[in-house]
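These notes concern the structure reproduced below.
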Amino acid sequence: MSILPKKRVRLSPDVRRDALLQAAYDLFSRHGYADTRMDDVAAAAGVSKGTVYLYFPTKEALFEALLRRDVLPRIGRLLFVLEHYNGPVGWLLKRVAGFVGGKLDSGNVPLYPKLLIREAARFPELARFYHEEVVTRVLAALEALFARAIARGELRAGDAKLYAHLFIAPVVKAALWHFTFGEVAEPAVKARPYLKAHVETFLRGLKP
């Protein structure tokens, strides 16, 4: 009885690309960006090292592809809301703060901010990409949101750009605290009530 050799399964290009992205995500989650090698990604995806470079010429390109897959679609939905919302600004700010605070308190937070906070100084090109694709666009949308609220007389006349930065600062602080100290100590205050108090104080301070 002859034993025929098994046929090697040929994966489609899209399936191979998805496998590489998922392998990279898992390795970045466990080891961080700096300690993940392209060889490791290839081995985890079950492909040759050369195959990785056919899809992603550098590890930076691999990380950016993950951001485009996982982060930019969500940011696009947030931007759509911020850019088209014309209701009471306080209602929206409370929902945004409550959503972010709930994610931080539950530990159900995306990988990417954590990686960037820990490794931005060593890999400024990653920070630059995230800043251009996420941070700058969100701040611009917040600025436009506050400008509309000022024009309606809902907020006191002032610098809408400054208002955007004032609003986002405690959100950044809550995230920094979580990613820096979350694994070694309980937070002094939970993120959700902290951000709720921030929005209430922010709105009182800008009341016409």
Item to check | Of all residues making up the stretch 23-56, the number that are free of Cβ contacts under 8 Å to residues at least 24 places away in the same chain and more than 23 Å from the chain's Cα centre (by Cα) | outcome: 10
Checklist entry - Out of curiosity, is residue 90 on the phi > 0 side of the Ramachandran plot and of a type outside the set (Ser, Thr, Tyr)? => result no
Item to check | So residue 126, is it modelled with pLDDT of 95 or more and not in a loop (DSSP other than H, G, I, E, B) | outcome: no
Next on the checklist: Looking at residue 104 and the list (1) without any contact (Cβ under 8 Å) to a residue 24 or more places away in the chain; (2) within 23 Å of residue 191 (Cβ to Cβ); (3) in a helix (DSSP H, G or I), which single condition is not satisfied?
Outcome noted: (1)
Checklist entry - Would a scan of the stretch 52-68 turn up a residue that is among the hydroxyl-bearing types (Ser, Thr, Tyr), part of a helix (DSSP H, G or I) and either in the same structural domain as residue 19 (by TED's automatic domain parsing) or surrounded by 13 or more Cβ atoms within 10 Å (Cβ to Cβ) (or both)? => result yes
Checklist entry - Checking residue 144 against (1) among the hydrophobic types (A, V, I, L, M, F, W, C); (2) farther than 18 Å from residue 82 by Cβ; (3) more than 14 Å from the chain's Cα centre (by Cα), which single condition isn't satisfied? => result (2)
Item to check | the stretch 167-204: number of residues that are assigned to a helix (DSSP H, G or I), surrounded by fewer than 14 Cβ atoms within 10 Å (Cβ to Cβ) and charged (D, E, K, R) | outcome: 1
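Residues are listed down the side, and each one gets a yes or a no for (1) under 28 Å from residue 63 (Cβ atoms); (2) over 14 Å from the mean Cα position of the chain (by Cα):
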residue: 110; (1), (2): yes, no
residue: 137; (1), (2): yes, no
residue: 161; (1), (2): no, yes
residue: 165; (1), (2): yes, yes
Item to check | the stretch 141-157, residues that are part of a helix (DSSP H, G or I), in contact (Cβ under 8 Å) with a residue 24 or more places away in the chain and of a type in the set (Gly, Ala, Ser) | outcome: 141, 144, 149
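The values are calculated or read from the model by the stated rules, or taken from the named source; none is laboratory data. Note that the structure is a prediction, hence the values are computed from the model and not measured. Virtual Cβ from ideal backbone geometry, glycine too; neighbours counted across all protein chains shown.
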